[in-house]
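Here is the structure we will look at, set down as structure tokens.
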Amino acid sequence: MTEIRHRTIDANGLRMAVAEAGEGPLVVLLHGFPESWYSWRHQLVAFAEAGFHAVAPNQRGYPGTDQPADIADYTILHLVGDVVGLIGALGAPDALVVGHDWGSPVAWNTALLRPDLVRGVASLSVPATPRSPVPPLGVMTKRFGERFYQNYFQAPGVAEAELEADLTATFGRLLVGVSGDSPQIRELIVPDGGFAAIWPEPETLPAWLTRDDIATYARDFATTGLRGPLNWYRNIDRNWALTAPWSGVRIAPPALFLAGDRDPVLHWFGAEQVAAIQQLALADLRESRLLAGAGHWLQQERPAEVNAALLAFASNVTAL
């Protein structure tokens, strides 16, 4: 069995916790909210056994990695800088950069801002889109209302108190509720009971998720809380302003997009429009694929299918 190793690396002024496996060309795996390296446990092993050096950091603000105090220290430029710093600290000339959920905008923007370091970019769940003409939070308020979860997350301390009150329940509700095994696809509009109350407490778990998996996430975040991860959301409009100089610039490196057709994020964009939208943002989209019946946690729900697609793409853009 391939071993997953753990260590702490200095990158971009941070002490960053990473999980890694294998040796060879570098693959960087960027988790989403509210996850960690653990969401890539199946991919770390698969990449290692295929001859790659797979590295999954706990990103800025997440367990085991530094958590700057200021909200403004969590912009997309900081997050891209962390990836660039990690690639440099690992001594690699470049990397295949793969993101999921919030890790996807980090991956897309790393490829946009530093194409010299990205031999390929892949995203799960969140497509590459052209920059909106107006700040995003206002657009989301107009479309979904003030209780849309990204707007709800803006006030410091509110979502933290709610989500941290019972981390096991939070992760259980969220992991099952946004998966392909959820009985319905729900708009992420926060009810009076809070964000996690969008979904009921699951009576049973799907085959891809265990009580130990939920306990792993809950245990890790018990030491750090969720303030750092939530601060990523508090920079959405700031990120829009900071990236203005790249408006209209298409992402150059070869790209892959995967999503579950039962992912709520996909439904915001319209599943039938995703490939066309991405053609406006990507110069070299190699494949855009939807996995039938899968939800938001794609690499955990469907590891065999995701691994096959990622490894085929990695082989295509990497000289082994």
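The values are calculated or read from the model by the stated rules, or taken from the named source; none is laboratory data. Computed from a predicted model, the values in this text were never measured in an experiment. No Cβ is skipped: glycine too gets one built from the backbone with ideal geometry, and neighbour counts run over all protein chains shown. Surface accessibility is based on the protein's heavy atoms, side chains included, excluding ligands, DNA and RNA. Shrake-Rupley method; radii C 1.70, N 1.55, O 1.52, S 1.80 Å.
The figures follow:
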| item | result |
| --- | --- |
| Sorted peptide list for 268-277, 45-54, 294-303, criterion being average Cβ within 10 angstrom, highest first | 294-303, 45-54, 268-277 |
| Positive-end residue of Pro34, Ala19, Ser288, charge dipole of the chain with Cβ unit charges | Ser288 |
| Distance in nm between pseudo-label sites at Asn316 and Asp116 (7 Å out along the Cβ direction from Cα) | 2.7 nm |
| For Thr65, residues with placed amide H under 5 Å, excluding near neighbours | Ala17 |
| Structure-based [θ]222 nm, the chain - -39500 (n - 2.57) summed over DSSP H runs of at least 4, per residue, nearest 500 | -11000 deg cm²/dmol |
| Amide H partners (placed H, <5 Å) of Gly99, local residues excluded | Leu30, Ala122, Ser123, Leu124 |
| Proximal charge balance of Glu20 [Cβ under 14 Å; K/R count +1, D/E count -1] | 0 |
| Burial order of peptide ranges 176-187, 136-147 (average beta-carbon count within 10 Å, highest first) | 176-187, 136-147 |
| Summed residue charge, Cβ within 10 Å of Pro206's Cβ, Lys/Arg positive, Asp/Glu negative | -2 |
| q = 0.18 Å⁻¹: log10 I(q)/I(0) that the Debye formula gives for the range 220-320, counting C-alpha atoms only | -1.14 |
| Over the chain, relative contact order from alpha-carbon pairs under 8 Å, at least 6 apart, % | 21 percent |
| Full-stretch length increase - Ala292, Asp237 - with 0.36 nm per residue and alpha-carbon distance subtracted | 16.5 nm |
| Span from the the range 50-107 Cα centroid across to the the range 10-42 one, whole angstrom | 7 Å |
| Charge dipole (debye, nearest 20) of the range 1-76; +1 at Cβ of Lys and Arg, -1 at Cβ of Asp and Glu | 80 debye |
| Accessible area of the chain belonging to carbon and sulfur atoms, whole % at 1.4 Å probe | 54 percent |
| Dipole in debye (nearest 20) - the range 191-320, about Cα centre, beta carbon charges: Lys, Arg +1; Asp, Glu -1 | 460 debye |
| Residue-by-residue Karplus 3J(HN,Hα) for the range 154-159, coefficients 6.51, -1.76, 1.60, Hz, glycine and proline x | 6, 7, x, x, 5, 5 |
| Dipole magnitude (debye, nearest 20) for the range 195-244, charges at Cβ of Lys, Arg, Asp, Glu | 320 debye |
| Highest average packing first - 3-11, 93-101, Cβ atoms within 10 Å | 93-101, 3-11 |
| Mean projected area (nm²) of the alpha-carbon convex hull when the chain is viewed from all directions | 14.7 nm² |
| Percentage, to the nearest whole number, of Cα pairs in the range 274-320 over 15 Å apart | 56 percent |
| Residues of the chain: accessible area per residue with a 1.4 Å probe, Å² | 39 Å² |
